[in-house]
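Engineer: Input: one structure, supplied below.
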């Protein structure tokens, strides 16, 4: 089976958060399962660009990939060379898997694939969630009705990464073609030694370490984290906060003043390498996520895989946290977040038990090998239906 993945930004463009990592993880797992995988993407890397690929393409961690130059308007990931290459090569593939919405890369790809009558799957990657739609709301309402709805309607399947995203797609009229399959996580075979990241940022081994891992963006609601941590810090002056992630849309300068009253207790790391990320997680007391919406939230699974309890707000699709008791799933409110953080910080035995339950859950449900096998079944169903037609 030959499958082409199309995404506006791909590894190592981790400035865009989870999607570049999860698309890479899926491609690697599918490749191990015997699928002939290839990626078409743009050179986008935040405010900068990667060098374009040579004509024959290149590889990233063993995955064949073509990085096509993006052109004006760059913020909408317009890549005419990608569209042209797809038009001439689309029939070489059995199936096309498109990731994301709201950009020229996806629009031109769907147009070329539909014209060639090649089956395709779309993974919206959370871009139809309420929080995403609230950002540039009217532009997206118009874009949905003029472009996106037609592309989704013609897709053979829609892939949701959570029950929340499943329900969201159902409300838009796509219940009959949507399947749910979570993102996975790659756990290092040799876990980093505990304490190395704390030493790097000069944090005592005994100090409670609260971690945020993700993009710095208004939808992530770091204003709530600031208010919640301020309450915790007032009662526990030893507590420290690490905010790890890239500055998206130059949001940092607006958010940083909210942390000024307790600035000495906060470390801003910027984007971390995978090795640094895992070192941080293994040194964390708790991970917190309080976004307006998430289709998944891969940082939560990564924390579980590191045996770290999590505090996640109910605006994120993580009811399983409450069911499995591997953390606390709370209201999107500074007081509720602070109370949950305090419970974990002041009850280390309970926190350790939460971490062990989260580790078991991550191992059982979020391995890339099982996810790739399930995705391969969906690919097979689509191709079987096409043969019948």
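Engineer: Cut-off 10 angstrom, C-alpha nodes, Gaussian network model of the chain. Which of 16, 120, 144 fluctuates the most?
Structural biologist: It is 144.
Engineer: Could you work out the relative contact order of the chain? I mean the mean sequence separation of Cα pairs under 8 Å and 6+ apart, divided by the number of residues, in percent.
Structural biologist: In percent, rounded to a whole number, it is 15.
Engineer: Given that compact globular proteins tend to follow 2.2 N^0.38 Å, what is the ratio of the alpha-carbon Rg of region 182-287 to that value?
Structural biologist: Normalised Cα radius of gyration, region 182-287: 1.08.
Engineer: Can you work out the FRET efficiency for the pair residue 223 and residue 365, with r the C-beta to C-beta distance and R0 = 35 Å, to the nearest 0.05?
Structural biologist: The computed FRET efficiency comes out at 0.65.
Engineer: Normalising by the residue count of region 196-365, find the relative contact order in percent from Cα pairs under 8 Å and 6+ residues apart.
Structural biologist: After rounding, I find 23 percent.
Engineer: Okay, next question. Mind telling me which of 193, 83, 335 comes out most flexible in a GNM of the chain, alpha-carbon contacts under 10 Å?
Structural biologist: In this elastic network of the chain, the residue with the biggest mean-square fluctuation among 193, 83, 335 is 193.
Engineer: Take the Cβ-Cβ distance between residue 356 and residue 36 as r, set R0 to 41 Å, and report the resulting FRET efficiency rounded to the nearest 0.05.
Structural biologist: In this case the efficiency is close to 0.55.
Engineer: Taking springs between alpha-carbon atoms closer than 10 angstrom, which of 299, 156, 56 fluctuates most in the Gaussian network model of the chain?
Structural biologist: 56
Engineer: Quick one: grab Rg to one decimal and Dmax as a whole number for region 196-365, Cα atoms only, in Å.
Structural biologist: So, for region 196-365, Rg and Dmax equal 14.4, 42 Å respectively.
Engineer: For the chain, what proportion of DSSP beta bridges, expressed in % and rounded to the nearest 5, is antiparallel?
Structural biologist: In the chain, approximately 10 percent of DSSP beta bridges are antiparallel ones.
Engineer: For the chain, what does -39500 (n - 2.57) per DSSP helix run (n ≥ 4), summed and divided by total residues, give at 222 nm, in deg cm²/dmol to the nearest 500?
Structural biologist: Per the formula, -12500 deg cm²/dmol.
Engineer: Okay, next question. Projected area of the chain, taken from the Cα convex hull and averaged over every viewing direction, in nm²?
Structural biologist: The number I arrive at for the chain is 18.5 nm².
Engineer: If you average the C-alpha positions of region 189-203 and of region 65-83 separately, how far apart do those two centres end up, in angstrom?
Structural biologist: 39
We did not get these values from a lab; they are worked out from the coordinates using the rules stated. None of these values were measured; they are calculated from a predicted model. Methodologically, a virtual Cβ is constructed for each residue, glycine included, from the backbone with ideal geometry; neighbour enumeration extends over all protein chains shown.
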